[in-house]
């Protein structure tokens with residue numbers, strides 16, 4: 001029985017009523033937030049409460065700039081329920097200076113912002129150019145904000161130089177992301193007053209380890225050495241084991257809480273590493289001198305002394321302040337060569353240290369076994385290194401090769417970090433933990449659907465463990481799409497943060513984890529050192545009054561606030577946090593935010609250098625691999641250069657492509673051709689946008705015969721009918737002796753060719 005069909009008008013009314021019920025909710029409400037501009041002219045208001053951003057059309061962006069704080073009102077919703085608003089009030093203008101290039105058009109001076117999120121050029125009066133010339137990169141301070149009918153006006157505060165000057169990309173990045181790059185005079189003055197070497201009074205109350213053969217193992221380009229290691233065989237209980245010493249530079253001895261150096265270090269929160277340049281957290285006298293564990297000199301350190309069993313379990317540990325003497329400075333390459341051949345030329349130069357290095361390798365093997373038993377996630381990813389010439393230009397981009405020496409130091413540091421977290425927990429003293437939570441429910445659903453659609457016979461539970469991720473990675477490592485699957489596993493995880501509330505580290509499968517091993521370049525490690533010292537002295541460490549958090553802090557706070565459930569959904573009311581807890585939460589948030597800021601600045605510089613590098617290779621063809629698929633195109637990483645660029649969807653031919661979120665691929669509707677993560681393609685460098693840090697590719701040809709394969713997959717039901725027709729035609733030809741009949745078949749007609757998959761692709765291009 002067929003159900004009666006309602007009249008068209010009825011359907012329209014129903015649809016209209018549903019739409020109204022959705023969109024009227026929250027209409028005309030006002031919210032405070034920060035403006036985030038877009039290079040296309042529109043913008044968004046990032047709400048303080050962590051709710052979805054409010055869209056601002058281009059006309060609303062005339063009177064505001066990127067980073068301004070405003071009060072906005074929701075005026076309408078689009079068809080997908082996304083809010084659109086308008087600015088009601090400008091609460092605070094951004095004090096962040098604008099970096100751009102000075103231009104002159106029709107006798108008028110103006111600065112085109114380097115950050116295209118600032119949608120307007122800044123007018124410069126004739127007397128405010130600071131003797132800058134056309135084309136130079138300058139820093140602008142606004143004197144008049146923009147209005148509905150007028151552009152912003154400013155004056156040149158600083159002239160950075162020409163756009164092609166060596167290191168210009170770094171000068172732009174540190175100002176663009178607000179990275180502190182100049183120490184205060186008070187900080188530098190205090191650093192100059194510090195001693196040049198360890199004094200006798202500094203050794204009081206410390207364990208003398210100068211006769212222990214502690215050594216440093218770092219990269220060839222390392223200048224600051226904050227960790228040293230030593231290992232010897234030991235009996236643990238009734239079985240075989242090792243005694244592992246991890247000595248870390250005692251920065252807290254020289255950087256007192258609340259001092260000028262401490263204030264600058266907190267403001268920076270981390271060292272920022274660029275190609276050919278480092279912006280350190282501490283003045284050079286400390287980072288590369290007094291605190292650095294340089295060879296053949298005495299240095300103060302904090303030691304994590306561990307007994308490790310043959311199964312890789314930490315049987316016992318203790319912390320104590322010590323004075324040490326580094327017996328050698330090794331590189332990863334040297335150690336790997338010695339471990340590979342104990343009678344080789346590298347080993348001959350270091351005869352006295354071979355036994356110690358072999359003990360380190362043995363304890364590494366035990367710790368690695370424990371890692372596998374624990375079920376920690378361990379994906380091997382390719383990291384790249386940019387090799388520059390003396391002028392700062394890229395010579396080549398090479399992959400970083402990880403060897404056993406890298407992994408050896410990594411496992412030793414992990415063991416010391418775990419002991420540090422356990423020591424703080426057992427003492428019930430507040431501190432900062434490195435917390436990595438499991439995937440969100442949304443990411444779990446996406447991952448499950450993806451694993452199902454790709455035919456992986458494994459999935460994750462509702463409460464997944466790290467071992468489940470590692471099991472999937474191990475089971476799929478030999479598949480052609482292994483790279484694609486591993487990338488999806490990584491993307492399903494959350495980013496780690498620093499917080500005083502310990503909830504474990506999901507990726508490493510630790511119940512408690514913190515950072516202890518790099519106080520020269522990470523402020524959170526310095527705080528952990530101070531907490532451990534306070535516990536050893538049976539005291540309580542009190543955080544100083546911290547400066548006002550910056551933009552990075554506020555940005556991360558909004559991101560984390562969006563993960564919190566609505567108040568109506570909360571069942572358990574937590575007790576109000578004490579001022580001490582609030583201070584530790586603020587410190588953790590500050591360190592996490594500045595860690596992300598440093599990463600963003602480093603990526604921006606690398607993108608700049610790669611764009612300048614690829615400008616010299618316009619029109620050249622390279623093989624590559626699809627590393628991401630989106631609704632607007634494919635991101636491809638070149639095999640030879642490890643440079644990523646975009647193949648826009650319009651460059652994929654005349655086919656209409658749809659983005660399959662479950663499979664993370666673009667699929668053609670007509671041919672069924674698929675482009676997923678891991679697909680090999682050949683591309684041509686077609687465009688380089690230095691200002692936008694973007695590289696565009698054009699698809700030349702596929703690495704595989706994707707069209708033919710996809711058509712077979714798309715139409716499996718037609719194969720039998722096609723075989724039947726072919727058999728009938730063959731039989732008819734054999735009986736009649738005819739090869740073709742003009743007028744009935746195209747086989748004998750000149751100029752008519754049968755369409756095939758590869759030719760279809762070429763014709764579409």
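Brief remarks on what is shown
- Per the conditions (1) part of a helix (DSSP H, G or I); (2) touching a helix residue (DSSP H, G or I) at 6+ places or on another chain (Cβ under 6 Å); (3) under 21 Å from residue 372 (Cα atoms), the sole criterion not satisfied by residue 485 is (2).
- One residue from 67, 62 being touching a helix residue (DSSP H, G or I) at 6+ places or on another chain (Cβ under 8 Å), outside the structural domain of residue 145 (by TED's automatic domain parsing) and touching a residue at least 60 places away in the same chain (Cβ under 8 Å): 67
- Residues in the range 228-240 that are within 19 Å of residue 415 (Cα to Cα) and more than 40 Å from the chain's Cα centre (by Cα): 234, 235, 236, 240.
- Search result, residues across the range 336-386 that are under 28 Å from residue 490 (Cβ atoms) and in a helix (DSSP H, G or I): 336, 364, 365, 366, 367, 368, 369, 370, 371, 372, 373, 374
- Of the criteria (1) touching a helix residue (DSSP H, G or I) at 6+ places or on another chain (Cβ under 6 Å); (2) part of a loop (DSSP other than H, G, I, E, B), which one residue 257 fails: (1)
- Test: residue in the range 269-279 that is on the phi > 0 side of the Ramachandran plot and either buried (at least 23 other Cβ atoms within 10 Å of the Cβ) or part of a strand (DSSP E or B) (or both): yes
- The condition of being surrounded by fewer than 18 Cβ atoms within 10 Å (Cβ to Cβ), farther than 22 Å from residue 38 by Cβ and modelled with pLDDT under 90 holds for only one of 107, 135, that being 107.
- When 462, 478, 474 are screened for being more than 21 Å from the chain's Cα centre (by Cα), free of Cβ contacts under 8 Å to residues at least 24 places away in the same chain, over 16 Å from residue 416 (Cα atoms) and part of a helix (DSSP H, G or I), only 474 passes.
- Any chance residue 228 is touching a helix residue (DSSP H, G or I) at 6+ places or on another chain (Cβ under 6 Å), crowded, with 19+ Cβ neighbours inside 10 Å and in the same structural domain as residue 305 (by TED's automatic domain parsing): no
- Of the residues making up the range 311-319, at least one is part of a strand (DSSP E or B), touching a strand residue (DSSP E or B) at 6+ places or on another chain (Cβ under 7 Å), closer than 22 Å to residue 406 by Cα and in the same structural domain as residue 199 (by TED's automatic domain parsing).
- Selection count, the range 488-522, where residues are in a loop (DSSP other than H, G, I, E, B) and out of contact with any strand residue (DSSP E or B) (no Cβ under 9 Å at 6 or more places or on another chain): 2
- With respect to the conditions (1) in a helix (DSSP H, G or I); (2) surrounded by fewer than 21 Cβ atoms within 10 Å (Cβ to Cβ); (3) out of contact with any helix residue (DSSP H, G or I) (no Cβ under 8 Å at 6 or more places or on another chain), residue 263 falls short on a single one, namely (3).
- Test result for residue 387, under 30 Å from residue 536 (Cα atoms) and either touching a strand residue (DSSP E or B) at 6+ places or on another chain (Cβ under 9 Å) or surrounded by 16 or more Cβ atoms within 10 Å (Cβ to Cβ) (or both): no
- Sole exception among (1) under 21 Å from the mean Cα position of the chain (by Cα); (2) within 30 Å of residue 610 (Cβ to Cβ) for residue 439, by number: (2)
- Close contacts from the range 35-56, counting a first residue that is on the phi > 0 side of the Ramachandran plot and outside the structural domain of residue 146 (by TED's automatic domain parsing) and a second that is crowded, with 20+ Cβ neighbours inside 10 Å and assigned to a loop (DSSP other than H, G, I, E, B), with Cβ to Cβ under 7 Å and a gap of 6+ residues or different chains, come to 41/119.
- From the list 140, 122, the lone residue that is outside the structural domain of residue 40 (by TED's automatic domain parsing), within 29 Å of residue 71 (Cβ to Cβ), under 31 Å from the mean Cα position of the chain (by Cα) and surrounded by 20 or more Cβ atoms within 10 Å (Cβ to Cβ) is 140.
- Qualifying residues in the range 152-180 (those that are at pLDDT 90 or above, under 32 Å from the mean Cα position of the chain (by Cα) and assigned to a loop (DSSP other than H, G, I, E, B)) - the one surrounded by the most Cβ atoms within 10 Å (Cβ to Cβ): 179
- Residue in the range 205-227 that is in contact (Cβ under 8 Å) with a residue 60 or more places away in the chain, under 27 Å from the mean Cα position of the chain (by Cα), more than 23 Å from residue 523 (Cα to Cα) and in a loop (DSSP other than H, G, I, E, B) present: yes
- Taken over the range 610-636, the residue count meeting the criterion of being surrounded by 22 or more Cβ atoms within 10 Å (Cβ to Cβ) and farther than 30 Å from residue 481 by Cα is 0.
- Scanning the range 351-360 for residues that are in contact with a helix residue (DSSP H, G or I) (Cβ under 7 Å, 6 or more places away or on another chain) and crowded, with 18+ Cβ neighbours inside 10 Å gives 357, 360.
The values are calculated or read from the model by the stated rules, or taken from the named source; none is laboratory data. Worth saying up front: this structure is predicted, and the values here are computed from it rather than measured. Methodologically, a virtual Cβ is constructed for each residue, glycine included, from the backbone with ideal geometry; neighbour enumeration extends over all protein chains shown.
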